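Where a number appears in this text, it was derived from the coordinates with a stated rule and is not lab data. Note that this is a predicted model, so its numbers are computed, not measured. Every residue, glycine among them, receives a Cβ derived from its backbone with ideal geometry; neighbour counts consider all protein chains shown.
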Amino acid sequence: MPQEPTGAKRPVEPAQDDVEMFLAEQKQLEAHRHDLIKDLLRQKEAAIKVFDEKLAKLGYDGDHASKRSHHKDTDKKAPE
């Protein structure tokens, strides 16, 4: 049976430090990502509010649907 060389083996501590450093970096990136998402949602909410205010100034009433339709009115008689 071949035996492993009896040289200096890699200590466990540096690998553990690398893992901890990687996990800390991932946690930091995830926190930054969540902050960006929160900021984007705030911007979206503000933009919707501004848009709704502009619609209100134009007299749009969101409670009543528009009477326009792309369907042709079948009740009208065709020209003879």
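Below is a table of values for the structure above.
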| item | result |
| --- | --- |
| Environment charge of R33, counting only residues whose C-beta is closer than 12 Å and scoring Lys/Arg +1, Asp/Glu -1 | -1 |
| Computed lengthening from A47 to F22, 0.36 nm per intervening residue step minus Cα-Cα distance | 5.3 nm |
| Cβ-based exposure ranking for H71, H34, in which fewest neighbours within 10 Å come first | H71, H34 |
